[in-house]
Structures are given as structure tokens and as C-alpha cells.
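To start, the structure itself, in C-alpha cells.
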């Protein structure tokens with residue numbers, strides 16, 4: 001590329017709230033890599049629930065609604081102090097974007113200059129700089145992310161990748177697929193397990209279908225019937241409409257594992273359809289975080305309930321290997337120029353498309 005400019009195009013999140021908190025700028029200083037850091041020219045950056053959740057402050061314990069309830073307008077000031085992944089106040093403005101695919105264009109002290117020119121994927125849930133082994137730092141929240149032409153990342157969190165896929169296709173992987181891979185890793189999904197995957201038309205759900213299939217699981221995927229054509233060929237053995245009464249459809253004790261990112265009012269049925277000693281895993285609650293739990297169901301069926309945020313590095317290493325070996329394929333529905341981020345997030349909230357929506361920053365030079 002040509003000489004690295006002094007300023008860049010980027011989207012600043014000015015605070016928790018509605019779309020008005022997203023400010024597209026053309027004069028943001030290009031960050032410079034410090035010791036053990038690399039500067040990445042962002043080729044593309046995917047849209048995720050976490051971008052919207054952080055913008056509106058949905059992670060605040062004061063919020064009890066579904067994620068799209070405040071998606072356009074946000075909530076009140078009660079979310080200010082604890083509206084981030086970490087539960088701590090964010091130092092606005094920040095640059096969001098949990099998915100980054102691009103090319104290293106500069107390196108800091110102690111980083112091998114041979115890395116310049118590498119195509120990379122960036123780990124979303126990062127452990128570099130974390131205070132304890134189970135802490136993580138979220139790209140686009142606790143540190144600036146990919147909604148910009150450039151971003152600075154710790155050298156250890158930028159993973160070289162060799163593939164013919166485009167940056168747009170690569171940007172569909174990091175957040176959704178690493179979330180799904182970690183869920184399956186933690187729940188110890190095995191060949192022959194029967195698994196129910198909720199929210200299957202979204203990024204994490206469609207990723208979980210592919211990743212569960214490569215493990216040899218039998219898969220029932222839950223998604224709006226209108227999205228079924230988009231999911232064909234990903235590996236589900238059966239597709240079920242999201243309005244289906246799962247308990248009536250399958251009966252009690254029908255699944256070994258449930259992979260859930262939905263929660264909400266129908267959550268109790270997910271425990272009923274699990275077999276004794278079944279495993280439930282969640283990494284989201286898009287239909288609402290507050291659910292009723294009959295503790296008798298939990299202990300009388302010897303169930304295991306698991307949550308997942310922290311991601312061991314092996315899951316991202318696995319993801320890169322799967323991509324390079326062609327074992328998983330990107331599911332990209334739409335692309336948008338970076339300055340159309342509001343359109344992209346509105347389409348995301350409206351659930352207009354299955355798979356991933358991806359932003360493309362302006363080219364440099």
C-alpha cells in the first residue's frame with residue numbers, strides 16, 4: 001500500500017444510546033503500534049449483536065428486555081456505569097467492530113518486521129493484557145476495533161491466515177465462529193450427540209451448525225421458516241420454525257445438548273427437551289435475559305448449565321485451521337460501505353438476512 005496516512009475514516013461511538021451515537025468521521029488520527037503491537041489496514045469488519053448491545057448499553061443489569069427492544073433508540077442513563085461487556089464504564093468515544101480481517105502494514109518494537117504484509121484475522125475475545133487467566137478484553141469494547149480503516153492490535157492476537165477467501169468473507173468468521181466453536185468446545189460436543197441449535201439463521205447459530213456437523217453431531221436447527229433456504233447445505237439434519245412448541249414437537253428427554261443464544265420466554269422448554277445428564281450452553285439472550293427456572297428440573301435431571309464468554313486461544317487456532325483447510329464456509333448476506341453503518345445495523349435488527357452483514361472501509365491510496 002502507499003504511505004500510511006495521518007488520519008483515517010472511522011465510526012466513533014460517542015456514548016450509549018441510539019443510532020445518533022454513531023459518528024462517521026474522516027479525520028480520526030491513525031493509531032501507531034506500540035511495543036508488541038501491529039497496525040492492521042482493515043479490509044472488512046462484520047456486524048454483530050455485541051456491537052449493538054454495547055452501543056445501547058444492553059449489558060447493564062438494569063436492562064431486562066430483548067436485545068432489539070432498544071436497538072434503534074437505546075435506553076436511559078441508567079446503563080451508563082455498567083453497559084459494557086466488562087461491566088465497567090467505557091471511555092467514549094470508542095471505535096467498535098469485533099470482527100477484523102485485514103493486512104499488517106506496520107509493527108511496533110519487538111515485533112518481527114517480517115509480519116508486514118501478512119493477511120490476518122483478529123481474535124475477538126482477547127486475553128493479551130487481561131489481569132487473570134479467565135479475564136478477556138473485547139475487541140470493539142475494551143479496546144478499539146474494526147469500524148475504521150486501521151486498528152492497532154497486540155501481536156499475539158493477530159493470526160496469520162493463508163486462504164483465497166476475500167477480506168469480506170474472512171470478516172464473517174471471528175466473533176460468530178469463535179463464539180460457536182468455544183461453546184461446542186466447552187460443552188464437549190461429541191460424534192453422535194443430538195444437538196438443538198437456536199437462533200440458527202444468525203451468525204453464531206449458522207456457525208454452530210457447520211462446526212457441530214464437522215464433529216459428527218445430529219443437528220436440529222431453529223430458525224424462521226423464511227430463512228430456511230439460506231441454511232440449506234450448512235449441515236442441519238432438520239430445520240424447525242422458531243415459533244414451534246419444541247416440547248410438543250420433540251417431547252421430553254430428546255436432546256443431549258442445547259446450544260442457545262436466544263433465551264427469552266420459551267427458555268424453560270429447552271431444559272425439558274434435554275435428556276437426563278444433558279448439557280445446556282449459552283452465549284447470548286437475544287429474546288431476553290431474564291428467564292424462569294424450575295430448579296427441580298435442573299437437579300432431578302442432573303443437567304449441566306454452562307455459559308461462555310472467555311475463549312481459550314485453542315478455539316481461535318482451531319478456527320483458523322478449519323478455514324485454511326476449507327472445512328467451513330463463510331455465510332455473507334450483505335456488504336455495506338463503512339459510512340452506511342446505521343443501515344447495516346437497522347437491517348441486522350430487522351433480521352432481514354440470514355448469516356453475516358459486513359462493513360467495508362474505504363480503500364487507502
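The values are calculated or read from the model by the stated rules, or taken from the named source; none is laboratory data. Keep in mind it's a predicted model, so treat the numbers as computed, not measured. Virtual Cβ from ideal backbone geometry, glycine too; neighbours counted across all protein chains shown.
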| said: Suppose we keep only residues that are assigned to a strand (DSSP E or B) and within 12 Å of the chain's Cα centre (by Cα) within region 35-68. Which one would you say is nearest to residue 147 (Cα to Cα)? | reply: 45
| note | A careful count of residues in region 193-212 that are more than 25 Å from residue 345 (Cβ to Cβ) and in contact with a strand residue (DSSP E or B) (Cβ under 6 Å, 6 or more places away or on another chain) gives 5
| message | Tell me the residue from 154, 188 that is buried (at least 21 other Cβ atoms within 10 Å of the Cβ) and over 27 Å from residue 344 (Cα atoms), please. | response | 154
| Restricting attention to region 220-236, and to residues there that are out of contact with any helix residue (DSSP H, G or I) (no Cβ under 9 Å at 6 or more places or on another chain) and part of a loop (DSSP other than H, G, I, E, B), which single residue is surrounded by the most Cβ atoms within 10 Å (Cβ to Cβ)? | 224
| task | Report, ordered by the first and then the second residue, all pairs with beta carbons closer than 6 Å, sequence separation of six or more or different chains, a first member in region 290-309 that is assigned by TED's automatic domain parsing to the domain that holds residue 272 and closer than 16 Å to residue 269 by Cβ, and a second member that is in a loop (DSSP other than H, G, I, E, B) and at pLDDT 95 or above. | result | 291/263
| request: Within region 98-138, work out how many residues are modelled with pLDDT under 95 and part of a strand (DSSP E or B). | output: 4
| Scan of region 73-92 for residues that are touching a helix residue (DSSP H, G or I) at 6+ places or on another chain (Cβ under 9 Å) and surrounded by 14 or more Cβ atoms within 10 Å (Cβ to Cβ), ordered by number | 74, 75, 79, 83, 84, 85, 90
| Looking at region 193-218, which of the residues that are part of a strand (DSSP E or B) and within 21 Å of the chain's Cα centre (by Cα) is surrounded by the fewest Cβ atoms within 10 Å (Cβ to Cβ)? | 196
| note | For region 337-350 the number of residues that are surrounded by fewer than 19 Cβ atoms within 10 Å (Cβ to Cβ) and under 14 Å from residue 48 (Cβ atoms) is 2
| task | Only one of these is at pLDDT 95 or above and either outside the structural domain of residue 48 (by TED's automatic domain parsing) or within 21 Å of residue 11 (Cβ to Cβ) (or both): 155, 167. Name it. | result | 167
